[in-house]
Amino acid sequence: MKPFYLLIFLPLMAFSQNRTEERIKKKAAKIHARVFTVDTHADVPIMMVKDGFDIGKEYDFKKDGSQIDIPRMKKGKMDAMFFAVYLAQGRRSEEGLAEAKQKALAIFDTIHNAIRRYPQHLGLATTPEEGYRLQKQGKIAVYIGIENGWPVGKDLSNLKLFYDLGARYITLSHSANNDICDSSVDADGPEHNGLSPFGVEVVKEMNRLGILVDISHVSDSTFYQVIRLTKAPVIASHSSCRALSNVPRNMTDDMIRALARNGGVIQINFVPNFVKKPSQEYELAVRPLILKSRKPELSEAEQKEIDREISEMKKKYAVDMPTVKDAVDHIDHVVKLVGVNHVGIGMDLDGGGEVIGVQDVSQIGAITEELVRRGYSKKDIRKIWGANTMRILKQAAKVAAGMS
């Protein structure tokens, strides 16, 4: 039999905990509604180029694997997202580079067409001021980033072309080396030992134009060369901390310190194995399916089958799935290492980003809740959610103005 005092104390303790949790949720909801929320890496264009997908329609992650659309952005109070013009690395021949450029231009068209189709909900933004103005109008600011410098080819003039179309960052490489630099995960190892001579000119031209240099996906040697070369702050638009998940795509503590000295920002990625190192079995089972699901040429039936397989694998390896708390651990790690001015959020939704608690964009308030639970102030949360990213976007434009 429990002692009498426990019969009284335990219910009171539970009541107190519930009251505390209610206060946290209420406070977080108030903060979340007021801060300018920015996700620096959204792969929704992968969905947008597929036949039948309508960003104005609400989808269901559990049914179709989709994570971003206008109704769910509104529900989650997402104010701004960088839509990624993503291209997996392909042939580097003259024909291959021409094809990459045309594919990139087609994705730009898809993004611009969606904005024109839903002008009451979306607006193109290229500066912080434009983003804030759209928020005040009740619209979602669509920024654009290019994931993989492959479509730049060997022609620096393409950078101005992409800038004029709205691109404000370029991820220099993806999962393989290209003509700009080495990737962090190329199976054949380094080709340039960092930046190529052309890559040096690319970084300089990006500085001149005001395009942020994104060092997610690049090799460690590329990162350090970029840091030494760039005149503007850089970003890691969707990377996490190697100290918490030891994968090459994440940044070491030394890299994060160097990024902070540069004035840059690491935006935490929510792809499960970047948040928490999974078992080898999970990695072998799930990662190939996620990569396969990103192919735009899949039929609706093929997409549904892959989504079903991914769902089954995630259930089988549920213990490997990280939570929103695990993701915020990475934010904590950066803050403790270099301070709150150098961390942001780039979840990689529709590109593999998913944690328990945030499976689509409608659930992002859970991140703010966890930050409040850990004692972050409204000022700090504003910086993490968007102000840090807007600051360096403005600084890049200032550097460009000084070079013109």
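Taking the longest Cα principal axis of the chain as reference, the axis of helix 94-117 is set at about 50 degrees. Convex hull of alpha carbon positions in the range 26-99: directionally averaged projected area 7.0 nm².
Most simply put, the chain has about 10% antiparallel DSSP beta bridges, counting only bridges with both residues inside it. Taking amide H atoms as placed 1.01 Å from N in the peptide plane, the amide H of Ala125 lies under 5 Å from those of Val142, Tyr143, each 5 or more residues away in sequence or on another chain.
Shown is the FRET efficiency for Asn18 and Glu302, computed with R0 = 56 Å from the Cβ-Cβ distance and rounded to the nearest 0.05: 0.75. Charges were assigned to the Cβ only: +1 to each Lys and Arg, -1 to each Asp and Glu. The resulting dipole of the chain about its Cα centre is roughly 2140 debye. For Lys154 and Ser221, the difference between the fully extended length at 0.36 nm per residue and the C-alpha to C-alpha distance is 22.0 nm.
Amide H to amide H distances under 5 Å link Ala236 with Ile215, Val265, Ile266, Gln267, where only residues 5 or more positions off or on other chains count and H is placed in the peptide plane. Of the residues Pro288, Val275, Val265, the one whose Cα sits farthest toward the positive end of the charge dipole of the range 225-291, with +1 on the Cβ of Lys and Arg and -1 on the Cβ of Asp and Glu, is Val265. Working ranking of peptides 347-353, 224-230 by packing, defined as the average number of other Cβ atoms within 10 Å per residue, highest first, is 347-353, 224-230. For His41, the residues whose modelled amide H falls within less than 5 Å of its own, excluding neighbours fewer than 5 places apart on the same chain, are Phe82, Met347, Asp348. Checking the Cα-Cα distances for Lys30/Lys336; Lys315/Lys379; Lys276/Lys315 against a 28 Å cut-off, the pairs over it are Lys315/Lys379. Of the residues Leu212, Cys181, Gln102, the one whose Cα sits farthest toward the positive end of the charge dipole of the chain, with +1 on the Cβ of Lys and Arg and -1 on the Cβ of Asp and Glu, is Leu212. Considering only DSSP beta bridges where both residues belong to the range 138-293, give the percentage that are antiparallel (nearest 5). If I count the DSSP bridges inside the range 138-293, around 15 percent turn out antiparallel. Each Cα pair under 8 Å and six or more residues apart adds its sequence gap; the mean of these over the residue count of the chain is a relative contact order of 20 percent.
Which whole-number percent is the relative contact order of the range 303-404 (Cα, under 8 Å, 6+ apart)? Worked out over the range 303-404, it gives 27 percent. Taking the longest Cα principal axis of the chain as reference, the axis of helix 388-403 is set at about 20 degrees. When Rg and Dmax are taken over the Cα atoms of the range 258-404, they come to 17.8, 56 Å.
The candidates Val152, Val185, arranged from most to least accessible area with a 1.4 Å probe in the full protein assembly, appear as Val185, Val152. Compared with the dominant principal axis of the Cα atoms in the chain, helix 197-209 is inclined by about 70°.
For Lys30, Lys136, the ranking by accessible surface with the largest value first comes to Lys136, Lys30, using a 1.4 Å probe. For the range 365-370, putting each phi into the Karplus relation 6.51 cos²θ - 1.76 cosθ + 1.60 with θ = phi - 60° gives couplings of x, 5, 5, 4, 4, 5 Hz, in residue order, rounded to whole numbers and with x for Gly and Pro. Shown is the FRET efficiency for Glu309 and Glu129, computed with R0 = 41 Å from the Cβ-Cβ distance and rounded to the nearest 0.05: 0.35. Take the range 173-277 with all the other protein chains still there, run a 1.4 Å probe, and you get 32 Å² of accessible area per residue.
Accessible surface calculations at 1.4 Å, restricted to protein heavy atoms, place the range 284-400 at 42 Å² per residue.
Each peptide among 199-206, 310-317 gets the average number of other Cβ atoms lying within 10 Å of its residues, and from highest to lowest they stand as 199-206, 310-317. Computed 3J(HN,Hα) for the range 175-186, one whole-Hz value per residue from the Karplus formula 6.51 cos²θ - 1.76 cosθ + 1.60 where θ = phi - 60°, is 8, 8, 4, 9, 7, 9, 6, 8, 8, 6, 10, 5, glycine and proline marked x.
Relative contact order of the range 76-171: 38 percent, from C-alpha pairs under 8 Å at least 6 residues apart in sequence. Pairs of lysine residues in the range 127-259 that meet both criteria, 8 or more places apart or on different chains and Cα atoms under 26 Å apart, total 5. Computed per residue of the chain from DSSP H runs no shorter than four, each worth -39500 (n - 2.57), the mean residue ellipticity at 222 nm is -15500 deg cm²/dmol.
Across the range 228-237, computed HN-Hα scalar couplings (Karplus, 6.51 cos²θ - 1.76 cosθ + 1.60, θ = phi - 60°) run 5, 8, 5, 9, 10, x, 10, 10, 10, 5 Hz from first to last residue, x flagging Gly and Pro.
The values are calculated or read from the model by the stated rules, or taken from the named source; none is laboratory data. Note that this is a predicted model, so its numbers are computed, not measured. Note: ideal-geometry Cβ built from the backbone for every residue, glycine included; neighbour counts use all protein chains shown. With ligands, DNA and RNA removed, areas are computed over all heavy atoms of the protein, side chains included. Shrake-Rupley method; radii C 1.70, N 1.55, O 1.52, S 1.80 Å.
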